[in-house]
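The numbers here are math on the coordinates, done by the rules we state, and not lab data. All values reported here derive from a predicted model rather than from experimental measurement. Cβ coordinates were reconstructed from backbone atoms using ideal geometry, including for glycine residues, and neighbour counts include every protein chain displayed.
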Ligand code: ADP
Ligand code: MG
């Protein structure tokens with residue numbers, strides 16, 4: 001055993017922990033789910049590494065997680081024989097509570113328990129949830145393939161500091177020992193533990209074992225009778241003592257390999273929390289076995305809440321990849337386009353080699369086929385939700401709509417399909433809520449209307465009050481009101497929907513299709529003659545500043561407005577370019 005080293009957590013750990021404990025307290029048993037989930041991940045990682053180096057199993061390839069309680073000492077131990085951690089890894093993985101973006105995260109906490117626990121869930125507290133029920137946690141670990149003398153012990157009371165030391169540990173893997181708080185003795189009870197494990201960890205592919213209590217030996221007793229021949233003491237057969245034994249308490253079959261009909265909604269939800277490291281329930285999921293040219297199983301989830309750093313396009317995302325049921329990697333981003341980066345879940349392929357790497361995935365026919373299939377599946381699943389449940393769809397749209405708007409630019413082939421999923425504010429309701437689909441817009445189009453009209457502005461208010469809308473309001477033609485940063489980008493790639501052109505109301509000459517009747521045209525000509533001298537004078541005074549001055553019918557109340565020429569960059573796009581330094 002080596003020197004004990006003292007360390008501080010990287011951020012205001014004590015504060016994070018306090019908040020976390022407070023906001024998750026009403027659901028405190030989830031700590032066990034998190035620790036078992038980590039242990040299962042550690043088994044998956046070892047199995048994967050052992051594919052190329054069998055010796056890492058050290059002769060023990062029977063991977064399992066063990067949960068045991070010690071009532072007398074009020075401790076609970078979760079033990080695995082997975083990949084283990086080195087001294088450096090322990091410091092790296094268990095020494096950084098709340099990895100990046102802690103400051104922003106804190107600014108969002110409100111003190112309201114329900115809301116905060118949602119947020120904390122997105123942030124992912126994982127291992128640290130142990131401190132909900134423990135006032136001290138000891139981790140003893142030894143990485144696969146290193147000497148027994150290179151074990152490491154990590155100890156913390158969750159108050160901003162932890163210590164590490166080198167220890168001797170003969171068996172590979174990690175033990176997490178929780179020194180339970182005085183009031184949390186219920187978690188030292190086997191029955192309670194067993195019910196939590198089956199509730200949360202049934203679907204985990206590694207077996208979770210608990211010790212059945214030992215049954216003492218029974219000595220043989222001979223039958224005894226009294227003088228009348230009545231039995232006063234029945235015979236008892238001798239029984240050998242049954243020693244305490246580790247027995248699996250979960251099903252331990254990978255959930256995605258089961259038949260859909262045999263998996264309950266609750267099981268799907270729990271599994272989601274394991275694969276996504278999210279605390280909240282998913283909004284929607286779909287489980288599919290695909291057979292034929294490429295064979296794979298996919299289990300795809302749409303979360304209910306966006307993670308706090310979703311707009312960071314660099315952030316790791318993607319699906320968990322398995323090949324023939326063996327875990328290969330987390331965050332395989334090759335199977336999902338970037339505009340669907342909020343999708344969580346897994347893929348199990350029968351066609352990829354077990355030694356597949358990110359490089360191989362990058363340029364691979366199988367990858368492309370699966371990616372295409374999964375993309376279509378997600379788009380279909382969302383379309384169905386949109387049709388079936390507008391309220392739920394709105395929840396989705398409010399969280400992820402902005403990301404989805406990147407779609408038409410990224411995925412030209414699915415443009416029409418993505419178009420169906422978009423929602424906008426419009427003059428129909430004049431509300432900032434984005435809930436109008438292009439299909440709805442098309443349905444409400446006026447007779448003779450050929451185009452889908454929109455306006456893009458800096459804010460919803462500016463869009464709604466744009467002078468360009470006056471003539472449309474007068475004629476009762478609906479206009480989509482766009483004001484998100486991404487909208488100009490979206491619209492430059494989505495130029496058409498359902499065979500109808502999308503047309504900015506601020507661009508070029510307004511041709512309201514068949515809707516300009518003869519009468520209007522005549523009136524326009526008459527006006528042009530009448531105002532000829534005014535227009536000429538304005539032109540002269542604005543010379544060099546504008547391209548053209550035109551008499552227009554698009555205004556009813558405002559005297560003048562600025563219009564972009566049909567083929568020029570829009571004023572919104574110009575601002576966007578300026579803001580990125582172009
Ligand atoms: P997450 O599971 O989301 O990565 P956690 O806080 O649950 O976050 O765990 C942090 C990290 O600590 C894990 O990613 C893993 O590297 C390491 N870790 C935790 N528990 C174990 C374990 N039982 N065996 C090996 N590594 C572990
Ligand atoms: Mg975890």
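For the stretch 271-298, the residues whose amide N sits under 17 Å from a probe point set 7 Å from the Cα of residue 365 along the beta carbon direction are 292-296. Here the stretch 130-260 yields Rg over Rh of 1.20, to two decimals, using C-alpha coordinates and the Kirkwood radius. Taking every C-alpha pair closer than 8 Å and separated by at least 6 residues, the mean separation divided by the residue count of the stretch 448-489 gives a relative contact order of 53 percent. Cβ crowding within 10 Å ranks 406, 530, 183 as 183, 530, 406, fewest other Cβ atoms first. Principal-axis analysis of the Cα atoms of the chain puts helix 390-404 at an angle of about 80° to the longest axis. Peptide packing: for 246-255, 384-393, the average count of neighbouring Cβ atoms within 10 Å per residue gives the ranking 246-255, 384-393, highest mean first. P(r) of the stretch 205-254 in 10 Å steps, Cα pairs, percent per bin? All Cα pairs, binned at 10 Å, distribute as 22, 23, 20, 17, 12, 5, 1 percent.
Relative to the dominant Cα principal axis of the chain, helix 30-50 is inclined by about 90°. Over the stretch 242-362, what is the relative contact order in percent, taking alpha-carbon pairs closer than 8 angstrom and at least six residues apart? Relative contact order of the stretch 242-362: 22 percent. Cβ crowding within 10 Å, taken as a proxy for footprinting-reagent exposure, orders 194, 289 from fewest neighbours to most as 289, 194.
Taking the centroid of alpha carbons for each part, the stretch 159-233 and the stretch 1-77 are 19 Å apart. With everything on Cα atoms, drop me the angle between helix 13-24 and the longest principal axis of the chain, reported from 0 to 90° to the nearest 10. Once rounded, one gets 90 degrees. The distance from the alpha carbon centre of the stretch 438-468 to that of the stretch 234-274 is 58 Å, rounded to a whole number.
As a rough footprinting exposure proxy, the listed residues 403, 378 were ranked by other beta carbons within 10 Å of their own, and the order from fewest upward is 403, 378.
Evaluate the relative contact order of the chain (contact order divided by residue number), counting alpha-carbon pairs under 8 angstrom at least 6 apart; express in whole percent.
10 percent
Over the Cα atoms of the chain, the radius of gyration divided by the Kirkwood radius equals 1.14; this is the Rg/Rh ratio.
Shape class for the stretch 428-513, computed from the alpha carbon gyration tensor (a ≥ b ≥ c): rounded, with a/c under 1.5. Size estimate for the stretch 332-434 follows the Kirkwood approach: the inverse of mean 1/r over distinct Cα pairs works out to 15.2 Å. Of the beta bridges in the chain, as assigned by DSSP with both residues counted there, near 80 percent are antiparallel.
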